[in-house]
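K.L.:
Once you've had a glance at the structure underneath, I'll fire off some questions.
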């Protein structure tokens, strides 16, 4: 395990020094890698560890983005504070969704439909609120300063996104080894058996969805202040909901490094193919490649790429010792 | 004072009376066998006692306190803990982690929960399997795991639903011995079992139900000679053929 921590430390050191050697475009790709790794990790808490499939997680990104942006524009509140208000709103919405789903025993596809419904309803509602920019969304004024969460160049975003990703890895690691994480996994594996042992499944389901939703919404604030434009269709839409679950699925569900590995593979692939095919007038082809990759992974590596990564790294890092 | 007393418990599914006005008591420290032909309603009784199915009528008193209409997890935390006839291991985590879920209900510290769990695992003879994923276990060991998890919650009453089904005679004897030791630690046991060898060896008293109704109750040796019981298991013709 010591070797493993050394390995992690060296990866971290490389990531910390990397901006010295990258141009703006390359930095942008890394920002997206960290961003999607973080989102995948947040989603992983609810779906990977607790076993409830959410296909509407963009909902919480939208909530985070809109809350902090609205508060910044209307009241001049710094997004650094607004993001926590957004997290609170996300938790409230998640509790409503969770109450309906968990109290009334909606499981499997019915829970999935519930999550989609919540995201779609919110998308439509936001699309009709003039104060939130209606259908056309909100352009953020570019006033770069630390308190405005806006910066020139990609280097600050790079470090913030990296911080987000590291935070999520540590948070999920702490959850995984705690009583909370163990109960979440028990619920995922067999809710009745967990209840029979005395696990209050409803309570732990609600905690899981609250953690997942609040973490996801923080990324929404980041996204708004990175792109400077928020729009209901792209922030609450199914496209983003699906985009953010592909990485943990391909990397490995219910594992700490699955979403990270998934993002390091998929995000550059997506960015590069998007740019490459757009030049040739083949916009959208990258999505087909994406889809094929997802199908192949699900068919041939149902537990994710992480299993193979572990197998390759094991002789060097001695992962099996202790742990 | 009975640790568990059930009065006039009834449960029907549509037109089918699965349990009908069933009353019985479990004394502290006892082992009570609950037997009956297939479909007699034994598992439904367990489901009602542990809150998985709300009973239509009747009273369930655990330590003189009603546990009717309580959530399953709450009943389990009070100390009325069941196992499942169709075992439900947490498949993708290790045997130790499975048992730790039970231990963590009453023990806050992960380290202590791990120690307690290891002791229980050793006690049940699963020591070599502690770090194996539960999906790698064959049925007899899964049954033991089911028992281990329940024990880890520090129950006052164990409701064992056919823990011996599907085991060979040697394994049955081993489980009988283990249940005796569990009982000797002061845990009262309600046992659903088809394996008569197990029921006869363990139970101080036996309760026989058929079509959800009690048809006999008493010490095992007498109950198996009861005409009503033989009829329920083997039919009227068998009785008349015997004369």
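K.L.:
Packing-wise, with mean Cβ within 10 Å as the measure, how do A:256-269, B:179-192, A:12-25 rank, highest first?
P.N.:
Most protected by this proxy first, the peptides run A:256-269, B:179-192, A:12-25.
K.L.:
Further, regarding this structure: Nearest 10 degrees is fine. How inclined is helix B:110-123 to the longest principal axis of chain B, computing both from alpha carbons?
P.N.:
So the inclination is approximately 50 degrees.
K.L.:
Sorted from largest to smallest, which semi-axis lengths in Å does the alpha carbon gyration tensor of the protein assembly as shown give for its equivalent ellipsoid, taking the root of 5 times each eigenvalue?
P.N.:
Three semi-axes, in Å: 55, 26, 20.
K.L.:
First obtain the Kirkwood hydrodynamic radius of chain B from its Cα pairs, then insert it into the Stokes-Einstein equation at 37 °C and 0.692 mPa s, and state the resulting D in µm² per second as a whole number.
P.N.:
Value of D from the Cα-based Kirkwood radius: 177 µm²/s.
K.L.:
Moving to a separate point now. Pop a pseudo-label 7 angstrom from the Cα along the beta-carbon direction at both residue A:282 and residue B:227 and give the gap in nm to one decimal.
P.N.:
So the two model labels end up 8.7 nm from each other.
K.L.:
Roughly how many whole Å is it from the C-alpha centroid of the stretch B:119-171 to that of the stretch B:76-91?
P.N.:
Using only Cα atoms to place each centre, the spacing works out to 11 Å.
K.L.:
Ok, one more. When you look at the Cβ of every residue in B:77-84, what mean number of other chain Cβ atoms sits within 10 Å?
P.N.:
Partner Cβ neighbours, averaged per residue: 2.
K.L.:
At R0 = 41 Å, how high is the FRET efficiency between residue B:110 and residue B:85 if r is their beta carbon distance? Nearest 0.05 is fine.
P.N.:
0.85
K.L.:
Which residues in the stretch A:143-174 place their backbone N less than 15 Å from a point set 7 Å from the Cα of residue A:16 along the Cα-to-Cβ direction?
P.N.:
What the label zone holds, given the 15 Å backbone N cut-off, is A:159-160, A:162-164, A:166-167.
K.L.:
Let me ask you something else. Within 10 Å, count the other beta carbons around each residue, average over each peptide in A:242-249, B:233-240, B:74-81, B:142-149, and list them highest first.
P.N.:
Those peptides, ordered most packed to least, come out B:142-149, A:242-249, B:74-81, B:233-240.
K.L.:
Would you compute the Debye intensity of the stretch A:69-178 from its alpha-carbon atoms alone, equal scatterers and no solvent, and pass along log10 I(q)/I(0) at q = 0.10, 0.12, 0.17 Å⁻¹ to two decimals?
P.N.:
-0.46, -0.66, -1.14
K.L.:
Separate question: Between residue A:9 and residue A:29, what is the label-point separation in nm under the 7 Å Cα-to-beta-carbon projection?
P.N.:
3.0
K.L.:
In addition: Which of B:134, B:150, B:232 ends up with the largest GNM mean-square fluctuation for chain B, with Cα atoms connected below 10 Å?
P.N.:
Per the Cα network of chain B with a 10 Å cutoff, B:232 tops the list.
K.L.:
Give me the number: length gained by fully extending residue B:139 to residue B:66, i.e. 0.36 nm times residue separation minus the C-alpha to C-alpha distance, one decimal in nm.
P.N.:
Once the chain is fully extended between residue B:139 and residue B:66, it gains 22.8 nm.
K.L.:
In what sequence, highest mean first, do A:145-154, A:52-61 appear when ranked by Cβ atoms within 10 angstrom?
P.N.:
Peptide ranking by packing, descending: A:52-61, A:145-154.
K.L.:
Also: Using a 10 Å cut-off around each Cβ of peptide A:266-276, what is the average number of partner chain Cβ atoms that fall inside?
P.N.:
0
K.L.:
Round to the nearest 0.05 the FRET efficiency obtained for residue B:173 and residue B:128 when R0 = 35 Å and r is the Cβ-Cβ distance.
P.N.:
Calculated transfer efficiency: 0.95.
K.L.:
How big is chain A on each of its three principal axes, counting only the C-alpha atoms and giving the largest first in Å?
P.N.:
Principal extents (Cα only, largest first): 51, 50, 39 Å.
K.L.:
Residues in the stretch A:78-119, backbone N under 17 Å from the label point at residue A:203 (7 Å along the Cα-to-beta-carbon vector): list them, ranges by number please.
P.N.:
A:99, A:102-103, by backbone N distance to the label point.
K.L.:
How large, in Å, is the stretch B:79-203 by the Kirkwood hydrodynamic radius built from its alpha-carbon pairs?
P.N.:
Evaluated on the stretch B:79-203, it is 14.4 Å.
K.L.:
Okay, moving on. When chain A is modelled as a GNM with alpha-carbon springs shorter than 10 Å, which of A:206, A:301, A:83 fluctuates the most?
P.N.:
So, out of A:206, A:301, A:83, the one fluctuating most is A:301.
K.L.:
Moving on to the next point. Calculate the spin-label point distance for residue A:75 paired with residue A:92, positioning each point 7 Å from the Cα along the beta-carbon direction, and give it in nanometres.
P.N.:
Result for the modelled spin labels: 1.1 nm.
K.L.:
Please compute the average number of Cβ atoms from other chains found within 10 Å of each residue's Cβ in peptide A:197-206.
P.N.:
That works out to 6 on average.
Every number in this text was worked out from the coordinates using simple rules, so none of it is lab data. Here the structure is a predicted model, which is why all the values come from computation and not from measurement. No Cβ is skipped: glycine too gets one built from the backbone with ideal geometry, and neighbour counts run over all protein chains shown.
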